[in-house]
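Following: one structure in C-alpha cells, then a few remarks.
The values are calculated or read from the model by the stated rules, or taken from the named source; none is laboratory data. Just so you know, these numbers come straight off a predicted model, no measurement behind them. Neighbour counts run over all protein chains shown; Cβ positions are idealised from the backbone, glycine included.
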Amino acid sequence: MAQIVFACFSPHPPIILPSVGSLPDRAKVRKTIEALENLGQEFKEQKPNSIIISSPHRDWGFNVPLYFLAKDFEGEIKTFLTGLESPKFYFEKGKNTYKTLKEDTKYALIGSGDLSHCLKTDGPYGFHQDGPEFDKALIEYLKKKDIGKILKLNEYFPEAGECGLRSFCFILGILEAYSVSSRKDWQAEILSYEGPFGVGYLVANFKLK
C-alpha cells in the first residue's frame, strides 16, 4: 500500500519569494512565510519519495510552494494542473489518482492555490462580500471535515474570485481515498491565514492519525 506521509495546502504568491518580494512586502506576509518554513521542516522529517502537487497555474503555482517545502528534494515530482471543471470533478479525480499510486512509496501531497482575490477594494479584483465569506467558510469546513460543503463553495460564493478550490479538492480526494484504504483519519490544522494584499493566503497542514 502507498503511504501518504505529508499533506498540506499552500498559497503561491511570487511575492513571498526573496528574489521577488521586497523586504517590506514580505514582512506583511510574515505569518505565511513562517508557516511554510515550518512545514518545510516537517516535510524533511517525513522523508517522502514522491511529491504530488496540484495547482491552477503553471510555473509559480508549482515553483513557489516547492521553494519552501522541498527546495532540495531529489525524488519524483508529479504536477497536476487543474482547470475549470467542478470541485467535485477534481475530488473524484483525486480519489481515482490514489488508486494509481505505487506500493511501498511514501508520498507528499501539496495543494497549491490562493483563496479569494476580492478581500479589499485595492486588491486585484476589488472587494466583494463573497470574498471574505468564502475564505471564512473554507477554513470552517476544513476544520469540520465537511467535504460536501467544501465541494459546493463555488456555488455558495460565486463571486469570491478564488483560484485554489479545485486544486485543494484534488488533494482532499486523494486523502479521502487513503483514509478509507488505510483506516487512518486526517485532520486539518490551520497554520496561518492572512490577506494583506487583498488575496487570501492559507497554509494548512493535514495530520494523519
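Out of everything in segment 108-141 that is among the charged types (D, E, K, R) and part of a helix (DSSP H, G or I), what residue ends up being nearest to F62 (Cα to Cα)?
Among those residues, the one meeting the criterion is D135.
Could you list, ordered by first residue, the pairs with Cβ atoms under 7 Å in which the first is in segment 179-197 and over 17 Å from K207 (Cβ atoms) and the second is exposed (fewer than 15 other Cβ atoms within 10 Å of the Cβ) and of a type in the set (A, V, I, L, M, F, W, C), at least 6 apart or interchain?
S181/M1
Yes/no matrix, rows are residues, columns are (1) modelled with pLDDT of 95 or more; (2) touching a helix residue (DSSP H, G or I) at 6+ places or on another chain (Cβ under 6 Å):
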residue	(1), (2)
I110	yes, yes
K120	yes, no
P124	no, no
C163	yes, no
R166	yes, yes
C169	yes, yes
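Give V5, V20 a once-over and let me know the one that is touching a helix residue (DSSP H, G or I) at 6+ places or on another chain (Cβ under 9 Å) and in contact (Cβ under 8 Å) with a residue 12 or more places away in the chain.
Just a single option satisfies the conditions, and that option is V5.
Of all residues in segment 142-190, count the ones that are buried (at least 19 other Cβ atoms within 10 Å of the Cβ), under 14 Å from the mean Cα position of the chain (by Cα) and not in a loop (DSSP other than H, G, I, E, B).
Of the residues in that region, 14 qualify.
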